[in-house]
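Let me begin by presenting the structure, written as structure tokens, before commenting on it.
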Amino acid sequence: MKTGLVTGSSGLIGSEVVARLANDGWRVVGIDNNMRADFFGPGGDTRWNQARLLESYPRFEHVEVDIRDRAGVKALVAALRPDAIIHCAAQPSHDLAAARPFDDFDTNAVGTLNLLEAARQHCGESPFVHMSTNKVYGDAPNDIALTEFGTRWDYADPAYVAGIAEDFRIDQSKHSIFGASKVAADVMVQEYGRYFGMPTCALRGGCLTGPSHSGVELHGFLSYLVRANAEGKLYRIFGYLGKQVRDNIHSHDVGEFIVRFIAKPRVGEVYNLGGGKDNSVSILEAFKIAEQVSGKPMVSEYVDQHRAGDHICYYSDLAKIKAHYPGWEITKSVGVTMQEIFEAQAVRG
């Protein structure tokens, strides 16, 4: 029986990967110490998802390890010698990173290095998948010429008609402290691949979403938006007239790519992993979908100040990832995804 090690196993993508591997017959060991609750309060608590995994998957084991604990990470990897490591744990918020920069960097950059070095020493031949972020590009995408439409911004430059590709620059831009720590992790994942020949990849995610997301205002775009709508909470729009655009990808489609990479790994790769142009949506457009799904109006206010390093428009060019893994594709639309999130919110209450 193969063994998979999943960090952030109670989170959105981690829990998806746990389920996929367990259903494929793997033994899955999950690392998660519920730091999301520490970062975001009760709304970010993921213990409910941990309990769901333990109840649903007999091959799943939970381990309460902090990825910042170098000795603890090394000891666990040495004992398991996993056949794959899927690193999903992170501090994911721009705003929180500015308030807690050491926690952010220690989690995102140092935690990733702890895992990489433990993997190099004890299972260097095993695929290492890292959930990076499109924020490694900083706000450089804002330099692209844009066209303003009634409900969204979009790229005016025909070179970006399909979105942002992996060769887009990552320096000389404002990333936010969070984005900078994720750049450090992203580059280290590449370097361990290229320097040591390890089968690593950094997945530069767009808005990762789905019904297992514990979305909060500071992180979790669609999940938080749907919850705000369902509960009649005030939703604050931060700048850009609510026309800022993101591509959204369901955790199912992320999990599907990860298992494909594990089956046929490559060395030191990076992929932009989002929903692409077809699954892109602005805040205003997401409002309309949420209202259609729930039958309730959005309650919102506009804050005339965008978040530092925020993208005006971003969606992923999926050409490279589809060329390397031609069987993989986006299967869940934004509308279907938001419907699933709404139904899951109703069940959890």
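The values are calculated or read from the model by the stated rules, or taken from the named source; none is laboratory data. As the structure is a prediction and not an experimental result, all values here were calculated from the model. Glycine gets a Cβ as well: all are built from the backbone with ideal geometry, and neighbour counts include every protein chain shown. Each accessible area value is taken on the protein alone, full model and side chains, heavy atoms only, with ligands, DNA and RNA left out. Shrake-Rupley method; radii C 1.70, N 1.55, O 1.52, S 1.80 Å.
For the range 239-291, dividing the convex hull volume of the Cα atoms by the residue count gives 97 Å³ per residue. With an a/c value of 1.5 or above and a/b not larger than b/c for the gyration tensor axes a ≥ b ≥ c computed over the alpha-carbon atoms, the range 268-349 is described as oblate. What is the log10 of I(q)/I(0) for the range 31-73, computed with the Debye formula using one identical point scatterer on each Cα and no solvent, at q = 0.17, 0.18, 0.19 Å⁻¹? With no solvent term, the Cα-only Debye profile gives -0.54, -0.59, -0.65. Its residues counted as N, the range 182-274 yields a C-alpha radius of gyration over 2.2 N^0.38 Å of 1.35. Start at zero, step by 10 Å, and the Cα-Cα distances of the range 56-113 spread as 19, 46, 26, 9 percent across the bins. Legend: P(r) of the range 99-146 from all alpha carbon pair distances, 10 Å bins from 0, whole percents, reading 20, 36, 27, 15, 3. For the range 155-250, the solvent-accessible area works out to 36 Å² per residue, with a probe of 1.4 Å and every protein chain left in place.
Percent of Cα-Cα pairs more than 14 Å apart in the range 155-198, please. Considering the range 155-198, 64 percent of its Cα-Cα pairs are separated by more than 14 Å. Once both labels are positioned 7 Å from their Cα atoms along Cα-to-Cβ, the gap between K296 and K264 label points is 4.5 nm.
Against the empirical curve 2.2 N^0.38 Å, the C-alpha radius of gyration of the range 298-344 lands at a ratio of 1.73. For the chain, the longest principal axis of the alpha carbon atoms and the long axis of helix 221-231 meet at an angle near 60°. A helix-only calculation puts the chain at -12000 deg cm²/dmol for mean residue ellipticity at 222 nm, using -39500 (n - 2.57) for each DSSP H run of at least four residues, averaged over all residues.
The packing ranking, built from the mean of other Cβ atoms within 10 Å per residue, places the peptides 17-23, 60-66, 188-194, 207-213 in the order 207-213, 17-23, 188-194, 60-66, highest first.
Measuring from a point 7 Å past the Cα of E64 along Cα-to-C-beta, which residues in the range 1-45 have an amide N at less than 19 Å? Flagged as within label range: 6-11, 29-42, 44-45. With the alpha-carbon atoms of the range 4-108 aligned to their principal axes, the span from lowest to highest coordinate is 42, 29, 17 Å, starting with the largest.
Normalised by 2.2 N^0.38 Å, with N the number of residues, the alpha-carbon radius of gyration of the range 43-155 equals 1.39.
The length gained by stretching the chain between T147 and A319 to full extension, at 0.36 nm per residue less their Cα-Cα distance, is 59.6 nm.
Cross-link reach is defined here as a Cα-Cα straight distance under 22 Å, omitting same-chain residues fewer than 8 places apart; for K264 the lysines meeting it are K2, K320, K322.
Note on A346 and Q121: with the Förster distance fixed at 45 Å, the Cβ-Cβ geometry gives a FRET efficiency of about 0.45. For the range 205-349, the share of accessible area belonging to carbon and sulfur comes to 52 percent (1.4 Å probe, ligands and nucleic acids excluded).
Per the Kirkwood formula on distinct C-alpha pairs, the Rh of the range 196-349 is how many angstrom?
16.4
Here the chain is treated with +1 on each Lys and Arg Cβ and -1 on each Asp and Glu Cβ, and its dipole about the Cα centre works out to around 560 debye. Which angle between 0 and 90 degrees, to the nearest 10, do you get for helix 111-123 versus the longest principal axis of the chain when only C-alpha atoms count? Helix 111-123 sits roughly 30 degrees off the main axis of the chain.
With r as the distance between the Cβ atoms of A99 and V336 and R0 = 51 Å, compute the FRET efficiency 1/(1 + (r/R0)^6) and round to 0.05. For V336 and A99, the calculated efficiency is 0.90.
Of the residues G242, A185, V17, the one whose Cα sits farthest towards the positive end of the charge dipole of the chain is V17 (charges of +1 on Lys and Arg Cβ, -1 on Asp and Glu Cβ, taken about the Cα centre). The fraction of Cα-Cα pairs per 10 angstrom bin, counted from 0 for the chain, comes to 6, 27, 37, 24, 7, 0 percent, rounded to whole percents. Does anyone have the angle between helix 251-263 and the longest principal axis of the chain? Alpha-carbon axes, 0 to 90°, nearest 10? Helix 251-263 sits at roughly 30 degrees to that axis.
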